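The values are calculated or read from the model by the stated rules, or taken from the named source; none is laboratory data. These numbers come from a predicted model, not from an experiment. Here Cβ is always computed from backbone atoms with ideal geometry, including for glycine, and neighbour counts include all displayed protein chains. Side chains included, ligands, DNA and RNA excluded: accessible areas come from the protein's heavy atoms. Shrake-Rupley method; radii C 1.70, N 1.55, O 1.52, S 1.80 Å.
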Amino acid sequence: MMMLPRTNTQHQKSRFTRAVACLLLILSCNIVTRTEALLFGVRKRSTLPISLISKLQDQQQHQFYHPVNNAAPLQETGSRIYASSLTSNEGSPSSSSALTDAPNGAGASMATSTTKGATRHQLKPWQSTLTRIGMMSYVVGMCVALPLTLIPQKLMYKMGVMTKEQKEHYAVATSAFCARWLLRLIPFCRVTIYPYHHPNPVESVWVCNHSSLLDIFIMLACDRQLRGSTRRPIKTVYWKELEKNPICNLLFKQAGFIPVQMAANKAGEDNDYDKSSFKRLLKDSKQAFKDGFDMGILPEGQLNPTPEKGLLPVFSGAFTLARMSRRPIQMMAMNGAPDLWHPMHGMHCIGRHVKLRAYPYTFRFANSTDFVDTFKTIVGHFALYGQDLSEEELNNLLCKILTSSANSNK
């Protein structure tokens, strides 16, 4: 049967229908966004104290330490975001660079807590059971969602539809999308984010503590709120033995994460690295920066079996990588994940409040000792107590680091 050509009236009706559909879609998205803001609203927090901002701006041109953002830090604000409401605040160009975002942070009033590390709220047995069920459902959901979304991309890459760089970027973005929406659908924990968004982030080596098997999921779910829409995706360095897990194997290889070989060991035991794998690490890191990625390293070298006692011995590999690649170091910290899934006690679920922190400055350390000491002091304190150093402690630390850097440059 021969098809009759469309008349002008039919074309006009078709265009009108598409226009109405687009308007309805935009309106529905706006309604959803506003509803999320009302139900799970974002609460603004204070910024850096004036004295500390002035100190950082005076040191901005120093080779060793400088804030990442060249914009006025006073215009930046933070936000508290719960896992059941991971709403994006990326519509605003401002985000947190404030140490006072964290409770009892630098410059914050210490009146609400007379001791370091406020007492955690212990879950009741029925709350612990429900949290455990939710967490297990979330993990199972991720184990289903990742293969369903990553395997088609893998097939497209093998057929030559996408390049290796596209495959890796899509894999990270897809995994973060799955983790973020599953956490919205199954809010088994409450996440407080102290973000830092930069409109034009520099190529960096990111470091963070590692205290729970949930770390990777929480990082993926919260990375958009933590570092903003302009963030560079992170390629993480991982232990090659993790590839024995099929889900980890799929995610890590698809995203182009970089393996390091070492002898099998238990959490807390000394690491026996294969030094030949470090050559590949350096080569792959340089390529990662060219492809638009940042690097992510866990300086503790393994999962911390006793996070309640503080950090494990910190390795200087991140400093070596940053120095050889001529990139600065930026820091993140996480607190509370072991209360859900402890490395030694499993899913005991004694708490459900997780805190995630991105620090608003870059470091170019003079030596590995300065890096190790700074990581232990800043990240270690937040990981253990869920709060930042006081302004006085932070100023003393920065002065010590700057003095060390100045002496090394003489």
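How far is it, in nm, from the label point at ASN245 to the one at LEU397 when both lie 7 Å from their Cα along the line to the Cβ?
2.9
Taking the highest mean first, how do the peptides 127-134, 332-339 order by number of other beta carbon atoms within 10 angstrom per residue?
Packing proxy ranking, top to bottom: 332-339, 127-134.
With each label point set 7 Å from Cα along the Cα-Cβ vector, what nm distance links PHE278 and LYS290?
Taking the two extended label points, one gets 2.3 nm.
Order the peptides 247-258, 202-213, 275-286 from the highest to the lowest mean number of other Cβ atoms within 10 Å of their residues.
202-213, 247-258, 275-286
Using 0.36 nm times the number of residues separating MET324 and GLU203, minus their current alpha carbon distance, what extension gain do you get?
Numbers: separation 121, 0.36 × 121 = 43.56 nm, distance 1.35 nm.
Answer, rounded to one decimal: 42.2 nm.
Need one number: nm distance between label points at SER368 and LEU148, each 7 Å from Cα along Cα→Cβ, rounded to one decimal.
Roughly 4.6 nm, to one decimal.
Between their Cα atoms, which of LYS167/LYS235; LYS164/LYS279; LYS164/LYS253 are more than 18 Å away from each other? Walk me through the numbers before you get to the answer.
Details: LYS167/LYS235 13 Å; LYS164/LYS279 21 Å; LYS164/LYS253 11 Å.
Pairs exceeding the cut-off: LYS164/LYS279.
Which residues in segment 322-356 place their backbone N less than 19 Å from a point set 7 Å from the Cα of LYS124 along the Cα-to-Cβ direction?
Within reach of a label on LYS124: 349-353.
Highest mean first, what order results for 146-157, 382-393, 357-368 on Cβ atoms within 10 Å?
357-368, 382-393, 146-157
When the accessible area of segment 187-234 is computed with all protein chains present and a 1.4 Å probe, what percentage of it is carbon and sulfur?
Ligands and nucleic acids excluded, carbon and sulfur reach 56 percent.
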